[in-house]
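Comments concern the structure below.
The values are calculated or read from the model by the stated rules, or taken from the named source; none is laboratory data. Keep in mind that what you see is a predicted model, and the values were worked out from it rather than measured. Heads up, the Cβs are rebuilt from the backbone with ideal geometry, glycines too, and the neighbour counts pull from every protein chain shown. The area values use the complete protein model at the heavy-atom level, side chains included, leaving out ligands, DNA and RNA. Shrake-Rupley method; radii C 1.70, N 1.55, O 1.52, S 1.80 Å.
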Amino acid sequence: MANSKLKEINFNLKTELYHLNSPAKVERHAKEGLKMITIEEVIYINYER
């Protein structure tokens with residue numbers, strides 16, 4: 001009985017780990033929580049001396 005409960009807890013923790021480390025979750029947190037934006041266009045600025 002105890003072994004079965006530990007296996008269930010382990011499965012739930014692994015599922016949560018995969019969910020939290022998913023690229024979509026990380027990107028959403030970066031955009032919403034950290035107010036980061038995606039790069040849409042790269043602009044190069046050359047300073048002449």
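Before moving on, here are some points about what is shown:
- Between Ser22 and Tyr47, the C-beta separation translates, for a Förster distance of 30 Å, into a calculated FRET efficiency of about 0.15.
- Listed by chain and number, the lysines whose alpha-carbon sits under 24 Å from that of Lys5, ignoring those within fewer than 8 places in the same chain, are Lys14.
- The stretch 16-49: chymotrypsin sites (Phe, Trp or Tyr not before Pro) in DSSP coil with no more than 16 other Cβ atoms inside 10 Å: Tyr44, Tyr47
- Residues of type aspartates and glutamates that Lys31 reaches as a straight line, Cα spacing below 18 Å, ignoring anything fewer than 8 places off in the same chain: Glu40, Glu41
- As a fraction of the 1.4 Å probe accessible area of the chain, surface on carbon and sulfur atoms comes out at 59 percent.
- Taking the average, over residues, of other Cβ atoms within 10 Å as the packing measure, peptides 35-43, 7-15 rank 7-15, 35-43 from highest down.
- Angle of helix 23-32 to the longest C-alpha principal axis of the chain, folded into 0 to 90 degrees and rounded to 10: 60°.
- Normalised alpha carbon radius of gyration of the chain [divisor 2.2 N^0.38 Å]: 2.17
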